[in-house]
1. For the chain, modelled as a Gaussian network with Cα springs under 10 Å, which listed residue fluctuates most, Lys290, Lys253, Lys175?
2. Beyond 28 Å between alpha-carbons counts as too far, so tell me which of Lys190/Lys228; Lys249/Lys343; Lys37/Lys249 fall in that bin.
3. Express in nm, to one decimal, how much length is gained between Glu73 and Arg108 on full extension, taking 0.36 nm for each residue of separation and deducting their alpha carbon distance.
4. May I have the extent of the alpha carbons of the chain along their three principal axes, as whole Å values ordered from largest to smallest?
5. What helices does the chain hold that run 18 Å or longer along their axis, going by alpha-carbon atoms, with a Kyte-Doolittle average of -1.0 or more, using DSSP H for the helix calls?
6. Cysteines of the chain lacking any other cysteine beta carbon under 4.7 Å?
7. Rounded to the nearest 0.05, what FRET efficiency do Ser284 and Gln333 have when you use their Cβ-Cβ distance and R0 = 25 Å?
8. So what are the ³J(HN,Hα) numbers for the range 352-365, from phi and the Karplus equation (6.51, -1.76, 1.60; θ = phi - 60°), rounded to whole Hz, Gly and Pro as x?
Amino acid sequence: MSGLLSVFFHLLLLFKLVAPVTFRHHRYDDLVRTLYKVHNECPYITRVYSIGRSVKGRHLYVLEFSDYPGIHEPLEPEVKYVGNMHGNEVLGRELLLQLAEFLCEEFRNGNQRIVRLVEGTRVHIMPSMNPDGYEVAAAQGADISGYLVGRNNANGVDLNRNFPDLNTYVYYNEKHGGPNHHLPLPDNWKSQVEPETEAVIHWIRSFNFVLSANLHGGAVVANYPYDKSLEHRVRGVRRTANTPTPDDKLFQKLAKVYSYAHGWMHQGWNCGDYFPDGITNGASWYSLSKGMQDFNYLHTNCFEITLELSCDKFPRQEELQREWLGNREALIQFLEQVHQGIKGMVLDENYNNLAEAVISVSGINHDVTSGDHGDYFRLLLPGTYTVTATAPGFDPETVTVTVGPGEPKQVNFHLKRSIPQATPTRRVPNPGHGRRVLPKKVQPRVS
């Protein structure tokens, strides 16, 4: 009899581990079980990894989808979703768990759209960037009286106001000249950020992310950079003013893709606010300094937007299924947007990969760089562009390329090493009359 009970409890535990994601809120332990459940169901296309720990020691877990998990395949773009940055804004967390289950199930069922996505894209899903804040908010539940409870991390810091401020530098550089991409961090940046922020910074510097979305709550709108207004402060408050990036039209398109694929975001009227097409420039809504989406754009190759997905920051459990159905198509379509523009390899004359080569597009004052494998990705709208690749010690190469509305066009660059200019022969004035003086031999400079 005891043997039968043992088998029963074993099966009960197994059922608990493999039960499908239900429309309910997941505390930290439930979230971890769910991620590993998806991995166990789809072990050949998923990987669970941690990028670090929160203040209270909880792991910041990521679930990766790829046909070669853990490996960057050249010319295959990397894209990420980040949820629950504010601990009390919980819908993104639940949507990303649902998305993980959906991708696994549809891949196993042979859904060709999902198979193409997984085989051609490396997708990274972080359901919660602020697990400590979530636990505080979840202990209270969906009680509207504690609207901000759990928003910050365990040190009381708003993580979306905690990244190094690079906007100030780029706004100065736009006026006076200077780098327009991969702006350097201050020497003491680690002492200025929280453990969760530092972990994310190391993460996005370790992967050559191309596209990203940060999932929030409290409104229903797709928000694109810049978040920080260019306008000067008035009485201590930075004025609200539309502050576009050099890629403004592209960002608007990315935001509209999500908005119009969403069940109701595109209608504009939501939560008492009106946003035409369901999108907004961040700084024209309200100015936000040290935010994550601007940091992605200014420090890495990643184009990130912020998705505000629900009027209620902590929606009730019975609302989750409706929210999933309203966001499911938009979540998939946004991932597919990484496949546009141009991509290619940057190689030298011997076909060696050139990392950190700069890819410039004439007329767009924002460059990207090639990754460690020599591949680059440049999101662009349809049109004809003049594109230049440069690398130290090599002659630049410029091409003209026409981008269509479909798959990205592959444009490879083969850079030739620069030939040092020959030092001109220095002639010594003739000191004598009629006596010929041979030119002085210039010794080669040792590099």
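1. Result: Lys175 has the largest fluctuation of those listed.
2. Values: Lys190/Lys228 22 Å; Lys249/Lys343 19 Å; Lys37/Lys249 40 Å.
Violating the 28 Å limit, Cα to Cα: Lys37/Lys249.
3. Working: separation 35, 0.36 × 35 = 12.60 nm, distance 2.18 nm.
Extra length from Glu73 to Arg108 when fully extended: 10.4 nm.
4. So the three principal-axis extents are 118, 63, 43 Å.
5. On the way: long enough: 2-18 (24 Å, 2.02); 28-41 (20 Å, -0.92); 91-108 (26 Å, 0.32); 248-261 (20 Å, -0.28); 320-336 (24 Å, -0.41).
Length and hydropathy pass: 2-18, 28-41, 91-108, 248-261, 320-336.
6. Cys302
7. Numbers: r = 24 Å, r/R0 = 0.97.
Efficiency, from the Cβ-Cβ distance: 0.55.
8. Taking θ as phi minus 60°, the curve returns 7, 5, 10, 7, 6, 5, 9, 10, 10, 10, 4, x, 10, 7 Hz for the range 352-365.
Taken together, the values in this text are just the output of simple stated rules run on the coordinates, not laboratory data. Bear in mind that the values here come from a model prediction, so they are computed numbers and not experimental data. We place every Cβ from the backbone using ideal geometry, glycine too, and count neighbours over all the protein chains shown.
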